[in-house]
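Throughout, read-outs are computed from the coordinates displayed, never taken from laboratory work. Since the structure is predicted, the reported quantities are computational estimates derived from the model, not experimental observations. Note: ideal-geometry Cβ built from the backbone for every residue, glycine included; neighbour counts use all protein chains shown.
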Amino acid sequence: MERDADVIVVGAGFTGLAAAQTLVDRGLSVVVLEARAEVGGRVRSFETSDGTRRDAGGQFICDDMPEVMALVREARLEIVESRWKGTAKTVSATPSRRASHRDNPLYARMEAADPADPALAGLSIADWLDEQDATEEAKREFLSMVHGLWCLPADIIPFWYLVDSDRRNTAEVSELQYFLKDSAASLADAMAARLRPHVFPSTPVASIHRDEHHVVVETAKWQLTARHVLVAVPPVRARDIIQHPPLPEPLARALGCWRSGAVIKILLRYSERFWSPSVSSGVSWEGVSGLYAFDVSQDAEHAAFVVFVGGPLALDWRVRGAAFIERTVRERMGALLGTEAPEPVEFILHDWTDDRWSAGGYSDVIVDFAAHDAETLLRQGVGRVAFASSELSPAFPTYIEGAIVAGRLAAERIADALAIEDKESGGRLKQAN
């Protein structure tokens, strides 16, 4: 049967792009189908009024992320070292009072926990927190971390999932160590450039038909046939793709146990960097769970703060509207930076909650307390259909690094399977002759 490619990759985020390049390097033909008009997935960029390209989505990398750092060097992209050195601050009603969350004992207890411990079965993060002997301040700070990074209410996230996900982040330095001067999207663009003309934007996939020998992928424009398909999109969006025949029940359950996070990312651009370095390593607010600010100035003249609103706070604020969000963030940043601080030159808001193609951010999160095998089942896939995303990565899930690792691992498994298939079919052909 004539095929359009050996492998069709659904999604041109970092998972899909990394997978596609690995497959090409293994000598396989590839077609990459991307729903958006641009590549990058949860990485996206925009231009400020001064012509500077900035990040609207995923942004940060560090020296402990070898795969993404190697790609950045290969693409010769300029790195900006953030002012992360030091400790993130928690600001109380009196801005002079700040506390380090390195002093919080709950982090050590989380790191010491075993996600397979039967005692954790059925416990949400909120349940676990209630059981802990710790100060209310420590609990509030830990809860704010959960809301700010996993971006969902703590009472719906299994505690074992938090432990399992967190232990895969092995960075010894801050994950916020660097960002790319031309935005993280510039790296996605560079990766896609190597794959052209095999990348097709604005081509969402509607359905996948699989049988013993091939797969057929349907879009609004085309019907494409391949030996294998890799669905390289987040689980919540992957389950929107109709599968023929329906996925086996365990795999369908594994896809159905995720929920996308709620996060709003805001850039405040200033005419110059006038603030004290003491606030540049990150700021959260006591009594406001899931609100975080970080200095993303490229230099003294290209000054900016990024503000993240995550979890229940994002869900609450977005209902109140963009005007409320802007007013509230301006007030808080003004109080933080001082009464004499100038107003930002620009205020740019990106709400990732319920995003059409990503579903949310920073990632999808398991909310089924019994779904310990969900990631394993998704990595295994079914027949000639495989799944990969940053969420499924054994290293740095939810980060760009994790997306690259997940894509490459999935691609290697597919390439190995097709190599075995080719060897076996070649052997059968020799026997027939």
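Pairwise over distinct Cα atoms, reciprocal of the mean inverse distance: report the Kirkwood radius of the chain in Å, one decimal place.
About 22.7 Å, per the Kirkwood formula over Cα pairs.
Kindly rank 246-255, 33-42, 298-307 from highest to lowest mean number of other beta carbons found within 10 Å of each residue.
Highest to lowest by the protection proxy: 33-42, 298-307, 246-255.
Tell me what the chain gives for mean residue ellipticity at 222 nm when only DSSP H runs of n ≥ 4 count, each as -39,500 (n - 2.57), the sum divided by the residue total, rounded to 500 deg cm²/dmol.
So the helix-based figure for the chain works out to -10500 deg cm²/dmol.
With no solvent and one point per C-alpha, what does the Debye sum give as log10 I(q)/I(0) for segment 174-270 at q = 0.12, 0.22, 0.23 Å⁻¹?
One equal scatterer on each Cα of segment 174-270 leads to -0.62, -1.24, -1.28.
With viscosity set to 1.306 mPa s and temperature to 10 °C, compute the Stokes-Einstein D of segment 217-356, Rh being the Kirkwood radius across alpha carbon pairs; µm²/s, no decimals.
87
For segment 310-352, report the % of Cα-Cα distances exceeding 13 Å.
59
Return the loop-located GluC sites (Glu not before Pro) in segment 333-396 (DSSP other than H, G, I, E, B) with at most 15 other Cβ atoms within 10 Å of their own Cβ; answer none if there are none.
Taking segment 333-396 and a limit of 15 other Cβ atoms within 10 Å, the loop GluC sites (Glu not before Pro) found are GLU340.
Can you give the net charge of the other residues whose Cβ lies under 13 Å from the Cβ of HIS209, counting K and R as +1 and D and E as -1?
Value of the local net charge: -1.
Specify which residue in the list VAL7, PRO66, LEU162 is farthest towards the positive end of the charge dipole of the chain, using unit charges on the beta carbon of Lys, Arg (+1) and Asp, Glu (-1), about the Cα centre.
VAL7
Once the mean 1/r over all distinct Cα pairs of segment 274-433 is inverted, what Kirkwood radius in angstroms do you read off?
20.0
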